Amino acid sequence: MAKVVATVGVGTVGSSWATFYSSKGFKVKMYDAAENVLKLAPNSVQRNLEFMIERGLMPREEADAALQNIESCFELSEAVCDATFIQESAFESYEVKEKLFEGIEEACPRDTIIASSSSGLLMTNIQKNLKTPERCVICHPFNPPHLLPLVEIVPGEKTSTDTLRRAKEFFEGLGKVPVILKKEMVGHIANRLSAALWREAIHLVVEGVASVEDVDKAVWAGPGLRWAFMGPHLTYHLGGGKGGLKYFLEHLGPAFESYFEDLGSWTRIPEHAKPKLVEGVIEEVQGKSIDDLVKWRDAKLAEVLKAVLG
Ligand SMILES: NC(=O)c1ccc[n+]([C@@H]2O[C@H](COP(=O)([O-])OP(=O)(O)OC[C@H]3O[C@@H](n4cnc5c(N)ncnc54)[C@H](O)[C@@H]3O)[C@@H](O)[C@H]2O)c1
C-alpha cells in the first residue's frame, strides 16, 4: 500500500505540494481549515498535472494514477493519523502554526516528521510548546513546489540532527534539491538573497538609473541565465579564468567593494518608489493579463527545468 503524506493547508503552496507528492506515488491526504479551499484543491492538483503532461514533464498514465492518490479530509486527525510525512502550508502566522502543530502532534504517529513550508518564521517559536519538538522542522519550498526542486531545511533550537538527516534523505529520494541550514535565520537563504537583489533593483529605479523593464532585462538576459544552474560563488570562480575565485577576489574584489559601498541600504521600501514600480511593471507587460503571464512563465520554467535537470 502507498505511503501517506499529509498536506495540511492546501492553498497556493499546499495544493502544489499535493501535486508533487501524488506524482511521486504517495497517497496524499489533504486538509484545510476552509472547506471551500479543500473542495477546490483536487481541481488545482488536476490543473497542475495537466500542465505537467502538456509540457512533457510527466506521462499521462502517471498523472492519472497521481490523481487517484489524493484524498480530501474534513478533519485534521483523519489527514495525519497514518502519515509518514506531514507538510504544513497554512497561513504564515505564529498563532496559526503553533496551534496547528499542537493538533498535528496529538493525532499523528510518534515518529512522523512534521514539516512547515514557512517562508520566514522560525521553527524555535513554532515548536516551543510541543511535546515532541525534535521532529519538527522547516522544509521551505520555492513556489511552485511541484516544479521547482529547492527545499530549504531549517532546524529550530529543539530540532534533532536525526530529523534533519531524515528530511534530507526523504527529499533527495524524491529528486528534490535539499539544503540544510546550520542555524535558523529569518528568510532562510534564498529569500534573503532575493531580497538583497530586489532592494538594489528598486534602488536603481528610484535613483533614475534605469526603467523597471531595463532593470528586469539586466537580470534575466545576463546573470539570470547563469543562475539557472550555478550560484554566485561558482559563477565568480569561473569569472576568475584559470586563477579561479582566488584570482577573482584579488583582481575584482576591490571593484565589488566599491559597489558594496554605493548600494542602496534602506530597510523600508520608500513610499515614493511604490507607484513608480507599479507603473514600470505595467509598461513592461504591455497589456498582457496576469493569467497569460503565468502561463508564459510556467511554460518557460518547464523548458528551463528540462534543460537544467534533464
Ligand atoms: N506563496 C508562496 O510563494 C510561498 C512559497 C514558499 C512557502 N510559502 C509558505 O507556505 C505557507 C502557505 O502559503 P500560501 O501562499 O500557500 O498561502 P495561502 O493563503 O494560499 O494558503 C494558506 C491556506 O492555509 C489554510 N489555513 C489557515 N489556517 C489553517 C489551519 N489552522 N489549518 C489548516 N489550514 C489552515 C487557509 O484556509 C489557506 O487555504 C506559508 O507558510 C508561506 O510562508 C509560500
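The values are calculated or read from the model by the stated rules, or taken from the named source; none is laboratory data. Keep in mind the model is a prediction, meaning the values are calculated, not measured. Neighbour counts are summed over all protein chains in view; Cβ atoms, including those assigned to glycine, are modelled from backbone coordinates with ideal geometry. We work out accessible area using only protein heavy atoms, side chains counted, and drop any ligands, DNA or RNA first. Shrake-Rupley method; radii C 1.70, N 1.55, O 1.52, S 1.80 Å.
Quick rundown of the values:
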{"quantity": "Heavy atoms of S16 accessible to a 1.4 Å probe, total area in Å² rounded to 10", "calculated": "0 Å²"}
{"quantity": "Quotient of Cα Rg and 2.2 N^0.38 Å for the range 118-185, N being how many residues it contains", "calculated": "1.07"}
{"quantity": "Solvent exposure ordering (accessible area, 1.4 Å, most first) of Y236, Y31", "calculated": "Y236, Y31"}
{"quantity": "Efficiency of FRET from Cβ geometry, A228 and E261, R₀ 22 Å, rounded to 0.05", "calculated": "0.15"}
{"quantity": "Loop chymotrypsin sites (Phe, Trp or Tyr not before Pro), the range 37-100, which have at most 16 other Cβ atoms in a 10 Å radius of their Cβ (DSSP)", "calculated": "F74, F91"}
{"quantity": "Contour excess over end-to-end distance, with Cα ends at N129 and A218 and 0.36 nm allotted per residue", "calculated": "27.3 nm"}
{"quantity": "Whole-number accessible area per residue in Å² for the chain, which is evaluated in the context of all protein chains at 1.4 Å", "calculated": "56 Å²"}
{"quantity": "Principal semi-axes in Å for the range 165-310 [√(5λ), Cα gyration tensor, largest first]", "calculated": "28, 25, 18"}
{"quantity": "Heavy-atom accessible area order for M30, M185, largest first, 1.4 Å probe", "calculated": "M185, M30"}
{"quantity": "Antiparallel bridges, percent of DSSP beta bridges restricted to the chain (to nearest 5)", "calculated": "15 percent"}
{"quantity": "For q = 0.11 Å⁻¹, Debye-computed log10 I/I(0) when each Cα of the chain counts as one equal scatterer", "calculated": "-0.81"}
{"quantity": "Net charge, C81 excluded, C-beta distance under 13 Å - Lys, Arg +1, Asp, Glu -1", "calculated": "-3"}
{"quantity": "Potential extension, A299-V281 segment - 0.36 nm per residue separation minus Cα distance", "calculated": "4.4 nm"}
{"quantity": "The range 13-116 - Rg (one decimal) and Dmax (whole number), Cα, Å", "calculated": "14.0, 41"}
{"quantity": "Test item: Cα-centred dipole of the chain, Lys/Arg +1 and Asp/Glu -1 on Cβ, debye", "calculated": "780 debye"}
{"quantity": "The range 2-43, accessible surface, carbon-and-sulfur percent (1.4 angstrom probe)", "calculated": "54 percent"}
{"quantity": "Relative packing of peptides 141-153, 269-281 - highest average C-beta neighbours within 10 Å first", "calculated": "141-153, 269-281"}
{"quantity": "Cα→Cβ-extended label distance, 7 Å offset, between C81 and T161, nm", "calculated": "3.8 nm"}
